[in-house]
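First comes the structure, then the notes that go with it.
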Amino acid sequence: MQVSIACTEHNLKSRNGEDRLLSKQSSNAPNVNAARAKFRTVAIIARSLGTFTPQHHISLKESTAKQTGMKYRNLGKSGLRVSCLGLGTWVTFGGQISDEVAERLMTIAYESGVNLFDTAEVYAAGKAEVILGSIIKKKGWRRSSLVITTKLYWGGKAETERGLSRKHIIEGLKGSLQRLQLEYVDVVFANRPDSNTPMEEIVRAMTHVINQGMAMYWGTSRWSAMEIMTPPHFGSWFPTSSFSSCFSSAGVGAMTWSPLACGIISGKYGNGVPESSRASLKCYQWLKERIVSEEGRKQQNKLKDLSPIAERLGCTLPQLAVAWCLRNEGVSSVLLGSSTPEQLIENLGAIQVLPKMTSHVVNEIDNILRNKPYSKKDYRS
């Protein structure tokens with residue numbers, strides 16, 4: 001899941017209007033006013049893109065809450081501070097768990113320092129948003145202390161209720177806000193690319209909902225690096241085709257999801273897929289097929305080599321997996337999907353494992369997983 005920040009036309013138009021007014025008031029100095037106007041316009045664009053000061057390498061400052069130990073990072077190059085662990089609602093809210101359990105999970109997360117809660121219009125046909133919003137209202141948490149994100153693409157059965165057209169982005173987000181009982185979301189994501197809609201239309205529609213106060217930022221989900229870098233607000237400044245370049249050059253921040261591969265890395269599916277497990281659900285048919293495949297069995301065998309590392313660090317395999325994700329440069333937050341309080345508490349414990357994830361440990365894990373080796377600068381210190 002990648003995040004990109006849009007440059008809003010509203011700011012440009014407003015400042016251009018101010019510049020014209022200044023020009024009329026100071027006709028005796030047209031050259032000076034013209035220079036000022038040009039500088040202000042350049043400055044506005046630069047601020048919107050986050051490149052007002054040259055940055056050859058993005059260094060995301062990390063802070064730690066004293067009471068909870070939760071760590072907070074910038075979401076990409078934006079100034080939005082998010083907990084490095086977030087709580088997702090896919091499959092669980094409105095489906096796999098009861099409303100009471102959902103409230104318990106959110107309470108544990110919030111009291112542990114989590115401020116990021118993710119949902120989507122398609123989750124449980126909108127019910128996940130309803131439950132999330134109801135819990136926030138019931139708990140009385142300050143809206144300013146929360147970062148709420150939702151995703152748009154699959155809104156309904158009608159042809160006009162799907163995709164990323166200007167119509168669906170605006171109407172879809174309005175529907176999400178009604179279900180969430182919120183005036184705005186912090187980030188609205190395009191849940192997948194839409195080849196039927198011009199990129200300019202998507203960017204302008206996202207800019208519109210931001211200018212209208214319906215969202216603070218917008219981002220993309222499951223877009224390729226090329227698709228992220230080609231929109232008008234990025235492409236001409238940062239031409240690239242690799243995710244690593246997205247992270248370092250454009251300051252794209254990743255909110256990674258399903259860090260445990262839905263249980264594969266934890267080893268709980270080592271003896272097959274129980275009927276009561278998440279992988280037995282219809283929407284997880286792809287996961288079930290992967291588990292029983294030859295590649296799935298190879299992945300299970302790698303767990304045997306990872307177990308000694310987890311034991312040496314004094315953690316569980318799920319905690320090791322989450323900590324490994326958090327260790328990677330460019331990752332702003334890892335979304336956890338939990339179905340029980342015990343599972344969530346265990347996964348939140350990955351925060352305590354993170355300081356133990358030295359470059360040596362990470363390289364050791366990468367060698368077992370046969371991942372492409374990273375240089376030292378690619379990892380968080």
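The values are calculated or read from the model by the stated rules, or taken from the named source; none is laboratory data. Model, not experiment: these values are computed from the prediction. Note that each Cβ is placed from the backbone with ideal geometry, even for glycine, and that neighbours are counted across all protein chains shown. Protein only, heavy atoms only, side chains kept; ligands, DNA and RNA dropped before computing areas. Shrake-Rupley method; radii C 1.70, N 1.55, O 1.52, S 1.80 Å.
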Selection from the range 81-97 of residues at pLDDT 95 or above and of a type outside the set (S, T, N, Q) yields Arg81, Val82, Cys84, Leu85, Gly86, Leu87, Gly88, Phe93, Gly94, Ile97
On the basis of being open to solvent by 10 Å² or more (accessible area, probe 1.4 Å) and either in contact with a Phe, Trp or Tyr (Cβ under 8 Å, 6 or more places away or on another chain) or modelled with pLDDT under 95 (or both), does Lys127 make the cut?
yes
Going by the structure shown, is Ile169 part of a helix (DSSP H, G or I), at pLDDT 95 or above and within 19 Å of the chain's Cα centre (by Cα)?
-> yes
Notebook entry, point to check: Does Gln285 satisfy being under 29 Å from Ser221 (Cβ atoms), surrounded by 14 or more Cβ atoms within 10 Å (Cβ to Cβ) and either modelled with pLDDT of 85 or more or polar (S, T, N, Q) (or both)?
Noted result: no
Next on the checklist: Against the condition assigned to a helix (DSSP H, G or I) and surrounded by fewer than 19 Cβ atoms within 10 Å (Cβ to Cβ), how does Arg179 come out, does it pass?
Outcome noted: no
- Check on Leu146, of a type outside the set (S, T, N, Q) and under 20 Å from Ser333 (Cβ atoms): yes
Inside the range 193-231, the number of residues satisfying the requirement of being over 16 Å from Thr150 (Cβ atoms) and either basic (Lys, Arg) or in a loop (DSSP other than H, G, I, E, B) (or both) is 11
Among helices (runs of 4 or more DSSP H) entirely within the range 295-381, at least 1 residues that are modelled with pLDDT under 95 and surrounded by fewer than 16 Cβ atoms within 10 Å (Cβ to Cβ) occur in 359-369
